[in-house]
1. Filter region A:1-25 down to residues that are at pLDDT below 95 and either under 9 Å from the mean Cα position of the chain (by Cα) or away from chain B (no Cβ under 14 Å) (or both) and give me whichever is nearest to B:ARG434 (Cα to Cα).
2. List the strands (runs of 3 or more DSSP E) that sit entirely inside region B:217-324 and contain at least 1 residues that are in contact (Cβ under 8 Å) with a residue 24 or more places away in the chain and out of contact with any strand residue (DSSP E or B) (no Cβ under 7 Å at 6 or more places or on another chain).
3. Keeping to region B:416-456, report how many residues are away from chain A (no Cβ under 12 Å) and part of a loop (DSSP other than H, G, I, E, B).
4. Consider B:LEU149 against the criteria (1) crowded, with 20+ Cβ neighbours inside 10 Å; (2) more than 21 Å from B:GLU195 (Cβ to Cβ): it satisfies all of them except one. Which criterion is unmet?
5. I'd like the residue in region A:76-127 that is within 11 Å of chain B (Cβ to nearest Cβ) and farther than 25 Å from B:ARG434 by Cβ and, out of all such residues, is surrounded by the most Cβ atoms within 10 Å (Cβ to Cβ).
6. Quick check on this structure: which one of A:LEU76, A:LEU80, A:LEU68 is out of contact with any strand residue (DSSP E or B) (no Cβ under 8 Å at 6 or more places or on another chain) and either at pLDDT 95 or above or part of a helix (DSSP H, G or I) (or both)?
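The values are calculated or read from the model by the stated rules, or taken from the named source; none is laboratory data. These numbers were taken from a predicted model, which means no experiment stands behind them. As a convention, Cβ positions derive from the backbone with ideal geometry for all residues, glycine included, and neighbour counts pool all protein chains shown.
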Amino acid sequence: MTAMDKARPAGESYFDHDADIGIIGRGATVEEAFEAAARATFALMTDIGSLRGERSVSLEFEEADVELALVRWLNLLLGLSHEEGLIFGRFWIERDGVCWRGGASGEPWRPELERGVEVKGATLTMLQVRQTEAGWEARCVVDV
Amino acid sequence: MELTRLKRIDEWSWTVPLAPGEKRSEVKLYGSRELLETMDDKVLQQITNVARLPGLVGPAMTMPDAHWGYGFPIGGVAAFDPDQGGIISAGGVGFDISCGIRCLRSNLELPQIAEFLPSLARELSEKIPAGVGEEGDLKLGIPELDQVLTGGARWAVKRGYGVPEDLDFIEERGCMSGPVPENVSAVAKKRQRGEMGTLGSGNHYLEVQVVDRIHDAAAAEAYGLHEGQIIVSIHCGSRGLGHQIGTEYLVSLAKAASRLGITLPDRELASAPINSPEGQEYIGAMNAAINCALANRQILAHLTRTAFARIIKGASLETLFDVSHNTCKAERHRVNGRERLLYIHRKGATRAFGPGHPDVPARYREIGQPVVIGGSMGTGSYILAGTAESEQRAFSSASHGAGRAMSRHQALKQWRGRQLVDELAAKGILIRTRSMRGVAEEAPGAYKDVDLVAEATERAGLARRVAFLRPKVCVKG
């Protein structure tokens, strides 16, 4: 078992999909669920617990549809990660009506970091953001 | 898959009868009973959804290697007529636009290079950037990236990657027409700055293979193949640029569909009419991504040749063929005796033009287009030839790979990467990777039996088997 397999912080989990991988983020608020979904996504690429928060990025977007907001949040993070040559391990997001403002911190890839599988993007498949008795849950399939 | 819902047409093809009141086009699934039984029920659900899209011509089809995808199933083929409200779907192309396989044939035979394989594996793994977070040596500014998007493999050859003869054996002669770099976002272009000439991860690979078995001697001769010969296959696509285009247009086309009154049975089938501004915008961006993929594989072919030359004196690698399997292309096909311009979505499916087709390179025209079914790293791959009957059966389409038989999560529970690498080494297959997790996810046992897929492809008349290739070295991302 690799460090990546062991290091699965609370709030994140996965579900099966033939070719790709389903990610789930849970939290007390929709924002916490989105943050957990981002951790689940980036934990597929490396052991995010071993990352240093050397650099941070910020982002904002407008989206009224909360499910499309999840997809846009994850894909903006993936885009920024590639653009800046960074791998992220910490995430934060706030919602103000249709406006979403967030960010992430991490570091450039270094040889010692364990390599998982590259996430190409978040899809609309099995996409669901819902409030349950236990809190919020955000899920979708990511293409790897 | 529960076969009770299906009706058998013949031994190698099936359909799904309409339920009372159900409105959709025909669905056709190619494959043996054994292959279909192992497919997830969601394949059937997804291809039935495709059959509900407007402007579909002929059936919505799955190839024998089909598995559950997003929107379209992987291994899905569907043709749309722009003059009948036909649509273009980002989910019908996939995120890795123009993912495909470049096949190189060598002047080498296994016995003469067997002793060099460990050195070759090391050289290839050092020179081919592979895996998450890896960038290539080539860094491009936006203006030159725009040239990549319009020039494809031709741009790469001009830059000194490979030789002009390569272009004769690449689909579209190395350059897709109709790219619109302006339709590609700045983010997508920035993502690609360091990713030209990189392999990626997941199911992407570079394999050194040996021709293990010839099935069709005449076709093998035309393709320049013989038993014992060393072949190289490079499986990758349009990298970050294609992924970004896919993600951006998936959302914008989903919104466009809603605005244009297209009822989507699954939001992932995000679509717009081909003749709409939204549809044309995506097509321009997708064509640019196809050129990005063609250039990427051209650079990787060059890097492969350089690595071979360093290790094996006199090594020569010619392009056998380069074929994409995540595309939507405008093609002319005969339907009920009339030639029509159709947009053929092939998501995880290979174009397979038959003998005499003008787009098949002159050297292969009498035989048909080379088709590659990439297998898992522990089993093998097939080279096939397009058939005349594939035109009527599947708009000249065929399988693209072994197809997954289980999820990555299940594979991780069942295998350990290190153990697999050791077991394959004991069988004479050298795996070079930076991701043991990736190796476990891509375990040979996680895939369908490639022999069954290739046989079903042939028996269904989609393409005929020419040669079976056995892996010797596999560089994984």
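1. A:PRO9
2. On the way: elements: B:229-236, B:271-273, B:317-324.
Filter on region B:217-324 gives B:229-236.
3. Residues that pass the stated criteria total 5.
4. Among (1) crowded, with 20+ Cβ neighbours inside 10 Å; (2) more than 21 Å from B:GLU195 (Cβ to Cβ), B:LEU149 violates only (2).
5. Going through the qualifying residues, I end up with A:THR123.
6. Numbers: A:LEU76 fails: out of contact with any strand residue (DSSP E or B) (no Cβ under 8 Å at 6 or more places or on another chain); A:LEU80 fails: out of contact with any strand residue (DSSP E or B) (no Cβ under 8 Å at 6 or more places or on another chain).
Only one candidate passes the filter, namely A:LEU68.
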